[in-house]
1. Go through (1) closer than 15 Å to Pro94 by Cα; (2) among the β-branched types (Val, Ile, Thr); (3) in contact (Cβ under 8 Å) with a residue 40 or more places away in the chain for Ile22 and report which single condition fails.
2. Could you tell me whether Arg161 is out of contact with any Gly (no Cβ under 8 Å at 6 or more places or on another chain) and either buried (at least 18 other Cβ atoms within 10 Å of the Cβ) or closer than 29 Å to Val256 by Cα (or both)?
3. Ala127: surrounded by 20 or more Cβ atoms within 10 Å (Cβ to Cβ) and assigned by TED's automatic domain parsing to the domain that holds Asp261, yes or no?
4. Among the helices (runs of 4 or more DSSP H) confined wholly to region 1-86, which include 2 or more residues that are more than 27 Å from Gly179 (Cβ to Cβ) and modelled with pLDDT of 90 or more?
5. Taking the condition among the hydrophobic types (A, V, I, L, M, F, W, C), over 25 Å from Pro231 (Cβ atoms), out of contact with any helix residue (DSSP H, G or I) (no Cβ under 9 Å at 6 or more places or on another chain) and not assigned by TED's automatic domain parsing to the domain that holds Arg157, does Val39 pass?
6. Can you tell me which residues in region 146-184 are modelled with pLDDT under 90 and farther than 24 Å from Gly226 by Cβ?
7. Sort through Thr290, Thr268, Thr294 and tell me the only one that's in a helix (DSSP H, G or I), crowded, with 20+ Cβ neighbours inside 10 Å and modelled with pLDDT under 95.
Amino acid sequence: MGTQRLRPSTVSSYRRNIRLHIDPYLGAQTVARLTGLMVDAWMRQLEVSGRADGTGGLSARAVRYGFILLRAALSDAVRQGRLAGNPTDRATPPSPSEARPPEMQAWTAAELARFMRWADADDPDLAMCWRLLAATGMRRGEVLALRWRDVDLDAGRLQVRCSVGTVKDKGAGQRLMEGPTESGQSRVVDLDAGTVAALRAYRAAREQVSPGLVRDSALVLSGLDGSHRHPERFSRRFTAQVVRARKALGEEQLPVIRLHDLRHTHATLLLADGVPVKLVSERLGHASATITLTVYQHVHPGMGRREVGLPPRRRRISRLRHPDHVVPGRSGGCRTDIDSPGLCDRLAPHGPASPPPRSTHDRRAGARAGPRSP
C-alpha cells in the first residue's frame with residue numbers, strides 16, 4: 001500500500017497489524033492462489049486465537065480492521081495488474097455494526113465539576129491536563145503537542161496545529177512523532193475564563209521550576225524535563241485518577257469514563273446547552289458538521305430537529321447569548337466553563353474582550369495568533 005500521504009502513526013499501525021495479524025497466517029500463501037474461503041478461514045482464526053499474547057481471539061473491530069488492510073493491499077495489486085481479482089470481494093468480514101467501537105460515555109456537568117475539584121486538590125499538574133481536555137474538546141495527541149506559542153491567554157484562545165502519537169517499528173522500538181491533526185488542518189479554540197486563569201497559575205508554577213518550561217517553543221503539558229508526555233501512559237494516568245476519585249467521592253458520584261470521553265463530555269454538554277452543531281464541529285476539528293451529527297445524534301435526539309429548523313421537543317438549559325447581549329469583559333466565540341454545572345454559562349457568540357494588562361509572553365503570543373478561523 002502507498003503510505004506517502006499517511007501520518008507516521010498510521011503507517012506504524014498498519015505495519016504492526018500486518019506483522020501480527022496477517023503475515024503469520026497468510027504470509028506464506030501465494031497471492032494468486034488466495035481465495036475468499038481462505039480469507040474467511042483467516043478471519044475465523046483471528047476471532048478464536050488472534051491475540052499476540054496468546055490469551056484468546058481478537059474483537060470483531062480488530063478483525064475487520066485487519067480485513068480492511070488486506071483488502072486495500074490486494075486492491076493495489078489488482079490496480080497494478082498483478083492480480084486478476086480481489087479475493088476479499090468473496091469473503092464475509094464482521095459487519096460495521098459488529099465492529100462498532102465501544103459506546104461513548106460522557107459525564108454530566110456536575111460530575112465533571114466534581115471530578116475537577118477532586119483532581120485540583122489531588123494533583124494540580126495532572127488536573128491542568130484534564131481541565132484543558134474537558135474545556136476544549138481537543139484530542140489526546142493534540143493537547144500533548146500544544147506549545148505556549150499556540151496559546152494567547154489575553155485573547156482567551158489557543159490554536160491547535162498538530163498532534164503527537166506513538167510510532168512502533170519492528171526492531172526499532174517505540175518513538176513519539178508529531179504530525180498533522182486528524183483533519184490535516186489547524187483550528188482556533190476559545191477558552192473560558194476559568195481555564196485561562198488556571199493556565200496562568202500553571203504557567204507561573206512551572207516557571208518557578210524552570211524558565212525553559214514556559215518559553216514559546218515549550219510544550220504546555222510537557223514532563224518536567226520538557227519532553228512530550230507519552231500518550232498511552234497519559235491515558236493510564238487518567239484511568240488511575242478516575243479510580244481513585246471514585247473511591248474518594250463514592251462510585252455512584254462518578255461513572256467510569258476513558259480519557260477520550262472527556263472530548264465526548266465536552267461535545268455533549270455543549271450540544272445539550274443549545275450550541276449550534278456547526279460551532280461544535282469546528283471546535284472539535286471534525287471535517288464536517290455531518291460527522292458531528294452522526295456521532296452525537298443518539299445522545300441528543302432533538303438535535304436533528306434543531307438543525308433543520310424545527311423546535312426541539314424539550315429544550316434543555318440554554319445559555320446562548322444574543323450578539324446584542326454580550327457581557328462586557330468576556331471574549332467572543334464559543335467558551336465553556338467547566339467549574340459550574342452550566343457548562344455554557346459564559347457563552348458569548350460575538351464581541352471583543354476587555355483584556356487585562358499584557359505580560360511580555362502574552363504580547364508575543366498575541367502577535368502571532370493571526371485571524372480567527374471562520
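1. The failed condition is (1).
2. No: the conditions fail for Arg161.
3. On the way: surrounded by 20 or more Cβ atoms within 10 Å (Cβ to Cβ): yes; assigned by TED's automatic domain parsing to the domain that holds Asp261: yes.
So Ala127 fits the description; yes.
4. Values: elements: 8-17, 23-26, 36-49, 60-79.
Helices (runs of 4 or more DSSP H) meeting the threshold: 23-26, 36-49, 60-79.
5. Numbers: among the hydrophobic types (A, V, I, L, M, F, W, C): yes; over 25 Å from Pro231 (Cβ atoms): yes; out of contact with any helix residue (DSSP H, G or I) (no Cβ under 9 Å at 6 or more places or on another chain): no; not assigned by TED's automatic domain parsing to the domain that holds Arg157: yes.
Criteria not met by Val39.
6. Within region 146-184, Asp169, Lys170, Gly171, Glu182, Ser183, Gly184 meet the criteria.
7. Working: Thr290 fails: crowded, with 20+ Cβ neighbours inside 10 Å; Thr294 fails: crowded, with 20+ Cβ neighbours inside 10 Å.
Exactly one of Thr290, Thr268, Thr294 is in a helix (DSSP H, G or I), crowded, with 20+ Cβ neighbours inside 10 Å and modelled with pLDDT under 95, namely Thr268.
Each row is one residue, and each column tells you yes or no for (1) surrounded by fewer than 12 Cβ atoms within 10 Å (Cβ to Cβ); (2) closer than 20 Å to Arg149 by Cβ; (3) over 17 Å from the mean Cα position of the chain (by Cα); (4) touching a residue at least 12 places away in the same chain (Cβ under 8 Å).
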{"residue": "Pro180", "(1), (2), (3), (4)": "no, yes, no, yes"}
{"residue": "Asp192", "(1), (2), (3), (4)": "no, no, yes, yes"}
{"residue": "Ala198", "(1), (2), (3), (4)": "no, yes, yes, yes"}
{"residue": "Arg203", "(1), (2), (3), (4)": "no, yes, yes, yes"}
{"residue": "Gly212", "(1), (2), (3), (4)": "no, yes, yes, yes"}
{"residue": "Arg215", "(1), (2), (3), (4)": "no, yes, yes, yes"}
{"residue": "Ser227", "(1), (2), (3), (4)": "yes, yes, yes, no"}
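The values are calculated or read from the model by the stated rules, or taken from the named source; none is laboratory data. Note that the structure is a prediction, hence the values are computed from the model and not measured. In this analysis, Cβ positions are derived from the backbone assuming ideal geometry, glycine residues included, and neighbour counts consider all displayed protein chains.
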